[in-house]
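Just so it is clear, none of the values below were taken in a lab; they were calculated from the coordinates. Everything quoted here is computed from the prediction, not taken from an experiment. All Cβ positions, even for glycine, are placed from backbone atoms using ideal geometry, and neighbour counts span all protein chains on display.
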Amino acid sequence: MSIADLSSVLKIFGESSTDSEDQDKLFREVLLMTLARASRSDANMESVEIVSIQGIMQRETGQEITEEDIRKASRPDLYESANLRKYLRSVQGQLNSDNKITILQGLADVIKSDTQISVLEIDYFNRVADALNVTPAELAGLKS
């Protein structure tokens, strides 16, 4: 099964519980889903954003992700039953603090990758941070 199927995230959202062995898989899927949606947050999926996402996924998870995987994870029909914010809120309790910070740092990297930061991208970042229940102090590394 491909990581872009997002089965662990959808399992959590469907109110099924996850066990400890699914923790890493859940983190990888949430990271991909969040970064992939970021590439569409300003309505323009740039190739530099795709490359950035691929690099972050390789660095943080050791997995090589294809452009097709990224496009699949960002497609709007995944979010018809609930928006990304609801998905993230439903899984945030299953992610540890390091996972959440890694997701937000990766998100910032993707947003900055095309050198032009839009208001929509800033809003998306803030909504993700809120949904993951990460405080500014945690993000700044002042509190774990």
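Only the Cβ atoms of Lys and Arg (+1) and of Asp and Glu (-1) were treated as charged; on that basis the dipole of the stretch 19-132 about its Cα centre amounts to roughly 320 debye.
Just add up the charged neighbours of S97: K/R +1, D/E -1, any other residue whose Cβ is under 12 Å from the Cβ of S97.
Charge balance near S97 sits at 0.
Cross-link partners for K86 among the lysines, with Cα-Cα distance under 17 Å and sequence neighbours closer than 8 places in the same chain left out: K11, K100.
Dividing the mean sequence gap of close Cα pairs (under 8 Å, 6+ apart) by how many residues the stretch 46-131 holds gives a relative contact order of 40 percent.
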